[in-house]
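This report concerns only the one structure given below.
Throughout, read-outs are computed from the coordinates displayed, never taken from laboratory work. None of the values given here were measured: they were computed from a predicted structure.
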Amino acid sequence: MIPPGKVGHNRAALAPQLLVDGSSLNILHVIPSLDPVTGGPPPVVAQLALAQAAMGNQVATLSYGCPPYQARIDEFLQSMRDHARVTHHFLPP
């Protein structure tokens, strides 16, 4: 137990781990839009997907594309570290 006022982490518990048999998961996040202007959900999904990919999982997102804003969405996704680890699929509007 951590004494009050002390901050600590069990780094072993936070370390990325694969499944017991060494395999990884295939994960698909479905969200209406990845446009960061819409608020919290797009950045949360993008960061969660990156964290899951960093753990060795195959991760993708699926959302509606929006041609007028696609450049902004692409810039947002590419600004994230290791963004190429996650595949993004866009449906027609």
Applied in sequence order to segment 35-50, the curve 6.51 cos²θ - 1.76 cosθ + 1.60 (Karplus, θ = phi - 60°) yields integer Hz couplings, x standing for Gly and Pro, of 5, x, 5, 6, x, x, x, x, x, 5, 4, 4, 5, 4, 4, 5
Mind listing the long-range amide H neighbours of residue 88? Cut-off is under 5 Å, sequence gap 5 or more, other chains count too, H placed in the peptide plane at 1.01 Å from N.
61
What are the semi-axes of the equivalent ellipsoid of segment 29-93, taken as the square roots of 5 times the eigenvalues of the Cα gyration tensor, listed largest first and rounded to whole Å?
19, 12, 11
